[in-house]
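Notes follow the structure.
The values are calculated or read from the model by the stated rules, or taken from the named source; none is laboratory data. Predicted model, so just to flag it, every value in this text is computed and none were measured. All Cβ positions, even for glycine, are placed from backbone atoms using ideal geometry, and neighbour counts span all protein chains on display. Note: areas computed on protein heavy atoms with side chains; ligands, DNA, RNA excluded. Shrake-Rupley method; radii C 1.70, N 1.55, O 1.52, S 1.80 Å.
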Amino acid sequence: MKVGIVGLPNVGKSTLFNSLTRAGAEAQNYPFTTIEPNLGVAAVPDDRLDALAGVMRSRRKVPATVDFVDIAGLVRGASRGEGLGNQFLGHIRECDAIAHVVRCFADENVSHVHAGVDPGDDIETINTELLLADLATVERRIERVSRAAKSGEKSLVEEAAALERLREHLSEGNPARTFPEREPVEEALRTLITAKPTLYVANVDEDSLAEGDAYSAEVEKVAAREGAEAVRLSAKLEDEIAGLSPEEAGEYLAMLGVGSSGFEEFVRAAYRLLGLITFFTAGEKESRAWTVREGATAREAAGRIHSDMEKGFIAAEVGRWDEVVEAGSWAKAREEAKVRLEGRDYVVRDGDVMLVRFNA
Ligand code: GDP
């Protein structure tokens with residue numbers, strides 16, 4: 001999964017990116033810090049994997065990962081190619097989902113590109129640029145499809161008409177995500193930025209983390225209206241705790257009255273948005289978390305591990321992660337009838353532990 005981080009300059013994108021990936025992107029107090037989009041990989045924290053690796057005495061623990069791209073340079077006018085905008089729009093198109101960071105922290109020492117902290121206005125500035133970019137894409141497509149539709153072919157005529165409605169939808173300021181029609185414009189939607197699942201990140205002051213504030217409430221309101229998700233976190237705090245041990249980080253978070261790190265919330269929201277789930281393989285050699293789309297079958301899940309496993313799939317032994325941990329070993333879980341044998345069409349559930357039997 002690849003997530004593009006967008007937002008106005010100085011809202012905390014690089015700080016967040018840094019804390020997520022520790023890739024060393026420069027967080028500095030001026031716009032256009034990051035000229036080239038920065039690419040980073042973050043390990044997905046997962047207590048279930050830790051517990052499994054523990055009882056299995058695994059020599060290696062391999063978490064699932066998420067790729068992040070820090071996309072800077074989106075400013076007013078970006079869709080017209082100002083402020084390094086255009087090349088960045090291209091990078092956003094390659095992402096599976098968008099994380100839109102919104103400044104909700106006050107800090108007078110960090111200049112704001114516009115008049116002051118105003119989440120609604122900031123969101124609109126960015127979304128306007130994304131919408132304008134999409135409008136241009138749709139208009140080009142309308143030209144092409146309308147020309148081809150002169151042949152009278154029904155599907156093309158229908159697509160051209162639906163594209164007109166999509167154009168209307170976008171020009172009224174609505175993201176392609178909320179366009180009610182799918183089928184005739186499916187191909188167009190695949191190329192549109194505002195069709196992508198979007199996660200708003202309210203970057204708040206530490207003391208607003210637990211309860212939220214008027215700023216983050218505004219972000220949540222926009223997200224709800226647009227069929228998007230919202231999380232509240234403090235990029236600065238994430239950056240600070242990224243350097244701590246899990247125990248220390250946990251204590252620090254508890255002190256602030258929050259249960260888990262913003263990153264964990266972030267990843268959970270991204271999985272929900274993209275309809276992804278996690279299953280595990282666990283043994284002495286390694287315990288590992290794998291990501292598949294919701295509804296994937298046992299055979300498809302096996303294919304994530306290795307294409308040979310998908311081709312030669314015979315059956316999968318499946319247990320629930322917590323029951324395996326409770327049993328203390330795979331053999332014990334089997335004895336206690338906590339492991340079932342499932343066929344190729346079994347629909348994998350989040351938290352399953354799988355042992356695939358296959359013909360090599
Ligand atoms: P970007 O331009 O969106 O990538 O923003 P940066 O991550 O470079 O952050 C701009 C400035 O804001 C830096 O000086 C950061 O230290 C500061 N900053 C980022 N997040 C927070 C936050 O949550 N709280 C406060 N007080 N400052 C932050």
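Identify the residue in region 104-117 that is open to solvent by less than 50 Å² (accessible area, probe 1.4 Å) and modelled with pLDDT under 75 and, among all such residues, is farthest from the ligand (Cβ to nearest atom). My answer is His112. A count restricted to region 276-291 and to residues that are buried (at least 20 other Cβ atoms within 10 Å of the Cβ) and among the charged types (D, E, K, R) stands at 1.
Restricting attention to region 118-138, the residues that are of a type in the set (Val, Ile, Thr) and either open to solvent by 40 Å² or more (accessible area, probe 1.4 Å) or more than 15 Å from the ligand (Cβ to nearest atom) (or both) add up to 3. Considering only region 37-61, state which residues are open to solvent by less than 30 Å² (accessible area, probe 1.4 Å) and in a loop (DSSP other than H, G, I, E, B). Pro37, Val44, Asp46, Ser58, listed by residue number.
Would you pick out the residues in region 195-224 that are within 26 Å of Lys2 (Cβ to Cβ) and either surrounded by fewer than 17 Cβ atoms within 10 Å (Cβ to Cβ) or aliphatic (A, V, I, L, M) (or both)? Once the filter is applied, which keeps residues that are within 26 Å of Lys2 (Cβ to Cβ) and either surrounded by fewer than 17 Cβ atoms within 10 Å (Cβ to Cβ) or aliphatic (A, V, I, L, M) (or both), region 195-224 yields Ala195, Leu199, Val201, Ala202, Val204, Val219, Val222, Ala223, Ala224. Pairs linking a residue in region 236-255 that is at negative phi to a residue that is charged (D, E, K, R) and part of a helix (DSSP H, G or I), with Cβ atoms under 6 Å and 6 or more positions apart or on different chains, are Leu237/Glu206.
Being among the charged types (D, E, K, R), assigned to a helix (DSSP H, G or I) and surrounded by 18 or more Cβ atoms within 10 Å (Cβ to Cβ) holds for only one residue in Arg299, Arg272, and it is Arg299. Among all positions in region 246-261, there is at least one residue which is touching a Gly at 6+ places or on another chain (Cβ under 8 Å) and over 23 Å from Leu52 (Cβ atoms).
None of Ile305, Ile241 is under 22 Å from Phe68 (Cα atoms) and either surrounded by 15 or more Cβ atoms within 10 Å (Cβ to Cβ) or within 16 Å of the ligand (Cβ to nearest atom) (or both) except Ile241.
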